[in-house]
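The values are calculated or read from the model by the stated rules, or taken from the named source; none is laboratory data. Being a predicted model, the structure only gives us computed values, none of them experimental. Counting neighbours? That spans all protein chains shown, and the Cβs are built from the backbone with ideal geometry, glycine included. Note: accessible area is taken over every heavy atom of the protein model, side chains too, but ligands, DNA and RNA are not part of it. Shrake-Rupley method; radii C 1.70, N 1.55, O 1.52, S 1.80 Å.
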Amino acid sequence: MFELGYCSRVRWLLYLMIRRPRNVVILVLVILAAFHLVLFASQNYKFTFKTGDGENTNWGGIEKIETDVKFPAVLTDETVKNEEKTTTRTQETTRIQETYTSEEESTNTEDQRDDIKFEPLKKDPTPESKELEFVRPPENTVLEMFGKEVEMDQNNEYVVPKPFLKKGINPYDGQPELLPRSTGIKKYTAFGNPEKLYCDTEYCYVNERKIKKEIIKETPEDMFTFLPPKKEFLKEFRNPCWKGRDLDNEEKLFCIPYFYIIGFTKCGTTDLFAILKNHTHVSSRAGKETHYFDRLRRGRIIRMNRKPTRLPVSFLSWTNAGRFRTNLISTYRHVPGNDVLFHGITMDATPSAVWDNEFWEIFHPGYREPPVTNPDVIATINPDSRIIVSLRNPISRMQSAYQFFCAFYVYQCDRPVTPEKFHNLVVEAVGMFQNCQKTNTDRGCVYSTETHQLATHLYASIYSVYLADWLKAFPREQIYVMMFEEHIHDEVASINSICDFLGISRFPVEYMKEYLKEHQIRNSLSDNNRIPYMMTETRQLLLDFFKPFLDDLVKLLGDDKWYWNMYN
């Protein structure tokens, strides 16, 4: 093999390129690819790929910024204070990024790409109450409560890594298991738990819980057998948590949410989620919209209008998911006479949980209405759960949802959107619902999967039917109903009221004013994705359609304000 000098190599390369033109194309493509690679790296773009465990892994050297700036926060240990200030100064220049990845696709769901953008404040507010002070917990307490998963980060702070998610084994094979209708007793054993689930003709019983039999048909096998009795929740946590063993038989900490933001879609839930997660007492289990109760537990993916085609995500996996443990560690405070050591609470914010029971007909054939819905499941898991729901003028919410879903291709739409196209879809949706009413109940039509297929999102504005189901499952005092219009008019008062409802300290007024000043609402939709106006005929049709349902809502909540002054 002979060696060539530099000039000879260049001449030889040019000769090959002239003789074979396709080599020129290949060379150009290689140069362009290298250029784009350098560009991505220089701009700190987050580049991820799927790994075998279903998690996102950062590509070499490009770090994802995963930090939640918690306000207000005070630590009595002076050393920890200094460390926290140093960390906060670094975080101040960082935009908070959150990625929620489904096991099938890394796409945002319908309300996750909301109109509101959030960045951290430039400085910590000064807390006004000693109640907010937390201290560094003793190492032995942390290890006892959180197990051997606890690690120390570069700032010498406790960290619990995000777990590797595994699925429990379930007999679901594409069709839900139908329990026998005989009077006999069926034994139903969950994977990883020796407890038996006994069922008679109407109910199942396990771990001191009485469970509607219909719930068992549409839930993963370990949902109730893995969940211990309420009396076994750890007294050291304000949030419902317990010690259990994972699929590797290792003891770990498992938790369920203290409260849920359940909806409605396009009613400011992203705004509410972003504000509350900045409270030192509140931890988000993951990004907004986990979709566990409305979709994943039934074997659906996180996208709307998808039939159940896979194994349900196990309850064990969901209760061990997210970054909430690290946040709970930071809420340590020992109060004499009080068993609670970790005062933080966790939330789940999935705005479709209030209405999305789609494809319930597969699990309950022969029923005109769903025999169980999401509130039945959540209430059975923890009847002390607190619920937050936001309602908006039903016509305004419907228009906003239509524009959003069409812009992001959630539904098939004739684009660009126009007032005339919207009117035609409204006529079709109202007609479809009224035809359903001829042979079914209002509730049956509201939950009918068939009526959920149009981009108008008409059904999700029929608030009274959904709220009636939640009020049957939970006492009125455990459900906070927020009016979207009142919230945006005075967000400070609205957030203070919600903090009182959750039993956590209020944000300092000056902090809230500064926060809201720096986080202005910006709508991400371009003008060609908006309806410039609503036709008079469309509005009148919707006013007539919603009137009887708003009558029910007013009676249900006992206040005429839920007419939104539309009939004055």
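Averaged per residue, what accessible area in Å² does the range 369-446 show with a 1.4 Å probe, protein chains only? Don't jump to the answer; show the numbers that get you there.
Values: 2690 Å² over 78 residues.
Computed with neighbouring chains in place, this is 34 Å² per residue.
What is the gain in length, in nm to one decimal, between N435 and Y567 on full extension, counting 0.36 nm per residue of separation less the C-alpha to C-alpha distance? Mind showing how you got there, number by number?
Details: separation 132, 0.36 × 132 = 47.52 nm, distance 2.55 nm.
Going from the current span to full extension adds 45.0 nm.
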Practice item. Rounded to the nearest Å, what's the spacing between the alpha carbon centres of the range 502-516 and the range 197-258? Just the number, please. Key: 35 Å
Review point. Label points 7 Å out from Cα along the Cβ direction at Q453 and Q540: separation in nm?
Key: 3.1 nm
Review point. Can you give the charge dipole size of the range 278-407 about its Cα centre, rounded to the nearest 20 debye, using +1 on the beta carbon of Lys and Arg and -1 on the beta carbon of Asp and Glu?
Key: 440 debye
**Study point:** Two-site FRET efficiency, T418 against K243, from Cβ-Cβ distance with R₀ of 56 Å, rounded to 0.05
**Key:** 0.45
Review point. Any idea how far the Cα center of the range 357-407 sits from the one of the range 441-456, in Å?
Key: 11 Å
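Mind ordering 555-563, 463-471 by average Cβ neighbours within 10 Å, highest first? Could you put the intermediate results ahead of the total?
Values: 555-563: 13.9, 463-471: 21.7.
Output ranking for 555-563, 463-471: 463-471, 555-563.
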**Study point:** the range 196-307 - percent relative contact order, Cα under 8 Å, separation 6 or more
**Key:** 14 percent
Point to revise | Phi-based couplings in Hz for the range 444-451 (Karplus 6.51, -1.76, 1.60; Gly and Pro marked x) | key: x, 6, 5, 8, 4, 4, 5, 7
Exercise for review: Express in Å², to the nearest 10, the accessible area of H343 obtained by rolling a 1.4 Å probe over the protein heavy atoms while all chains stay in place.
Suggested key: 20 Å²
